[in-house]
Amino acid sequence: MMTRFERSRHRRSVPLEFLENRSLLSQLIPSGPSAEVRRDHDMVPFKLTLEGTRTATLEQGPPLVVASIKASGEGHATHWGKYTLQESHTLAIDFRPTNPSRPPVASVTGGEAIFTLANGDQVLASYSGDGYLDTSTNQLHLVLTYTITGGTGRYKDAYGNFTLNLTAYDVQLGVPSGLISGTAEGSISSVGSLKGW
């Protein structure tokens with residue numbers, strides 16, 4: 001007959017094979033933070049170039065100018081190839097004097113973008129950012145952060161982030177349209193990581 005200590009020790013002993021199987025299951029069945037689908041190793045470096053036009057509709061101002069902006073353009077992006085872009089946002093430029101040595105400060109909010117790729121697939125993104133207006137050249141310099149929120153076709157579950165350094169030309173009151181250009185860098189989900197979801 002086993003003593004109480006021996007019975008307790010017997011109940012707590014677990015075969016090594018069981019521990020190995022349980023470890024394997026814990027890897028196959030995600031839980032907690034490890035269940036996050038969007039893993040860093042699924043991300044790939046991303047670069048983009050953009051050339052386009054923009055149209056502004058004045059909503060308020062000056063001295064605090066608020067305008068609704070619609071922009072369109074095209075360019076080339078790694079992993080996407082050639083694309084076209086349609087986007088819109090709200091732009092605010094503050095001309096109120098605070099520091100004479102500082103240029104007017106600009107901010108972008110509520111940005112929504114649709115990138116259409118050559119095969120018809122689309123990538124959707126939201127964006128915002130800030131910058132300044134160089135009044136000596138009438139060039140608006142913006143740093144915009146884009147967050148990919150999904151898409152269509154192979155990019156239905158796309159995700160990622162990138163930063164666009166954008167310049168808008170001939171930005172001044174009474175000139176509602178003009179050219180834009182920019183370059184972007186960041187990281188996005190690879191097409192292979194989206195298969196089978």
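Quick note: the coordinates plus some simple rules give every number you see, no bench work behind them. None of these values were measured; they are calculated from a predicted model. Quick reminder, even Gly has a Cβ in these numbers, built from the backbone with ideal geometry, and neighbours come from all protein chains shown.
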Whole-Hz ³J(HN,Hα) from phi, Karplus 6.51 cos²θ - 1.76 cosθ + 1.60, for segment 134-139, glycine and proline x | 7, 6, 7, 10, 6, 9
At 7 Å along the Cα-to-beta-carbon direction for both LYS70 and THR84, put a label point, then send me their distance in nm to one decimal.
-> 1.4
Which order results if ASP94, ASP130 are arranged by neighbouring Cβ count within 10 Å, fewest first?
-> ASP130, ASP94
With charges only on Cβ, +1 for K and R and -1 for D and E, what is the dipole size of segment 85-197 about its Cα centre, in debye, rounded to 20?
-> 180
So, relative contact order of segment 76-115 in percent, Cα under 8 Å, 6 or more apart, is 47
Step through the residues of segment 181-190 one at a time and calculate ³J(HN,Hα) from phi using the Karplus curve (6.51 cos²θ - 1.76 cosθ + 1.60, θ = phi - 60°), rounding each to whole Hz and writing x for Gly and Pro.
-> 8, x, 9, 9, 9, x, 9, 9, 5, 6
Taking H placed 1.01 Å from N in the peptide plane, check which residues at least 5 places from TYR159 or on another chain put their amide H under 5 Å from its amide H.
-> SER189
Tabulate in residue order the Karplus-calculated ³J(HN,Hα) for segment 72-82, using 6.51 cos²θ - 1.76 cosθ + 1.60 with θ = phi - 60°, rounded to whole Hz; enter x for Gly and Pro.
-> 9, x, 8, x, 10, 9, 4, 6, 9, x, 6
